[in-house]
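Contents: one structure, followed by commentary.
The values are calculated or read from the model by the stated rules, or taken from the named source; none is laboratory data. Note that this is a predicted model, so its numbers are computed, not measured. Virtual Cβ from ideal backbone geometry, glycine too; neighbours counted across all protein chains shown.
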Amino acid sequence: MEYSTLEVVDKVLVVTAHPDDVDFGVAGSIAKWVQQGSEVSYLVVTDGDAGGFDQSVDRSKIPAIRREEQRRAAEIVGVHDVQFLGHPDGSVVASLELRKEISRAIRRTRPDRVVCQSPERSYQRLPASHPDHRATGDAALNAVYPDARNPFAFPELLAEGLSDFVVHEVLLMAHPEINAFEDVSATIDLKLSAILAHESQLPQPEEVGPRVRGWLSATAEMLGLPEGSYAEGFFRLTLP
């Protein structure tokens, strides 16, 4: 298997199911891309209302807590455009409505690269294949092709002034196999800080650093990077 490095692009749109998905999956790369001059936007499908570990917290307050945590985490890696769709956590489906909402975000941000979750299950990292993740990834891929590029799909978007747009590169997170990577050795501390911003999700925050470093170190070792390196891996798709 050959693994490709990623080129610097002007604009990136990251589509995820829940607050914190982006940080566990790709925040090290995002911090690096922002430092290289990329403009990155987030689209989060749910407010994470089914998340959290503290049963004493008023459940009605969880969505606002998680939105604020995600905005704070985004600021840590240099991202200022964070949008939430507010779908119910735990019951995301790759519906036409969700495809339209993601197409709207693609046409608004006009990204060179879309990053989303894999619609395929990974048996090596089952928690990364949450049903919401897979449904969101499926909807995002359908939005990339054919929806966002088709001027006749969702004519109401044209009425909003959002013309069709062609995305040429997609990176899938947590795919069963990888063919591309980003060396995040210089930005792993920012990634960890972003993850730790999600306080409502971390009953044992002291375990986060060792666990995440272990994942990224194993990826770097598989890629043949120097000892002490950290890497985030993706399945990269290119489209004409």
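Return the residue satisfying two criteria in turn: it lies in the range 137-158 and is over 20 Å from the mean Cα position of the chain (by Cα) and among the aliphatic types (A, V, I, L, M), and of such residues it is surrounded by the fewest Cβ atoms within 10 Å (Cβ to Cβ). For the range 137-158, the residue satisfying everything is L158. Taking residues in the range 44-55 that are within 20 Å of Q204 (Cβ to Cβ) and in contact (Cβ under 8 Å) with a residue 40 or more places away in the chain, and partners anywhere that are crowded, with 22+ Cβ neighbours inside 10 Å and of a type in the set (D, E, K, R), the pairs with Cβ atoms closer than 7 Å and at least 6 places apart or on different chains are G48/R66; G51/R66.
State yes or no: is L237 touching a residue at least 12 places away in the same chain (Cβ under 8 Å), surrounded by fewer than 19 Cβ atoms within 10 Å (Cβ to Cβ) and assigned to a strand (DSSP E or B)? Please lay out each step first, then the result.
Values: touching a residue at least 12 places away in the same chain (Cβ under 8 Å): yes; surrounded by fewer than 19 Cβ atoms within 10 Å (Cβ to Cβ): yes; assigned to a strand (DSSP E or B): yes.
So L237 fits the description; yes.
Residue-by-condition table, conditions (1) buried (at least 18 other Cβ atoms within 10 Å of the Cβ); (2) more than 21 Å from G228 (Cβ to Cβ); (3) at pLDDT 95 or above:
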site	(1), (2), (3)
E160	no, yes, yes
S163	no, yes, yes
V166	no, yes, yes
M173	yes, yes, yes
D189	no, no, yes
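On the basis of being within 24 Å of A180 (Cα to Cα), buried (at least 21 other Cβ atoms within 10 Å of the Cβ), basic (K, R) and out of contact with any Cys (no Cβ under 7 Å at 6 or more places or on another chain), does R134 make the cut? When the stated conditions are applied, R134 passes them. Within the range 110-131, the set of residues being of a type in the set (D, E, K, R) and in contact with an Asp or Glu (Cβ under 7 Å, 6 or more places away or on another chain) comprises D112, R113. The single condition from (1) at pLDDT below 95; (2) in a helix (DSSP H, G or I) that S122 fails is (2). Only one entry in E169, E182, E199 is of a type outside the set (S, T, Y), in contact with an Asp or Glu (Cβ under 6 Å, 6 or more places away or on another chain) and in contact (Cβ under 8 Å) with a residue 12 or more places away in the chain, namely E182.
Reported count of residues in the range 218-232, each being in contact (Cβ under 8 Å) with a residue 12 or more places away in the chain, surrounded by 14 or more Cβ atoms within 10 Å (Cβ to Cβ) and not polar (S, T, N, Q), is 6. In the range 161-181, the residue that is farthest from E101 (Cα to Cα) out of those that are among the charged types (D, E, K, R) and part of a loop (DSSP other than H, G, I, E, B) is E177.
Selection of strands (runs of 3 or more DSSP E) fully inside the range 1-97 by the criterion of at least 1 residues being under 19 Å from P127 (Cα atoms) and modelled with pLDDT of 95 or more returns 11-16, 39-46. Of all residues in the range 48-87, those satisfying the criterion of being closer than 23 Å to T187 by Cβ and either in contact with a Lys or Arg (Cβ under 6 Å, 6 or more places away or on another chain) or among the hydrophobic types (A, V, I, L, M, F, W, C) (or both) are A73, A74, I76, V77, V79, V82. Tell me which residues, restricted to the range 102-119, are touching a strand residue (DSSP E or B) at 6+ places or on another chain (Cβ under 6 Å) and either within 19 Å of W33 (Cβ to Cβ) or assigned to a strand (DSSP E or B) (or both). Within the range 102-119, A105, T109, P111, D112, R113, V114, V115, C116, Q117 qualify. Here is the figure for the range 12-49: residues that are of a type outside the set (S, T, N, Q) and loosely packed, with under 15 Cβ neighbours inside 10 Å total 1.
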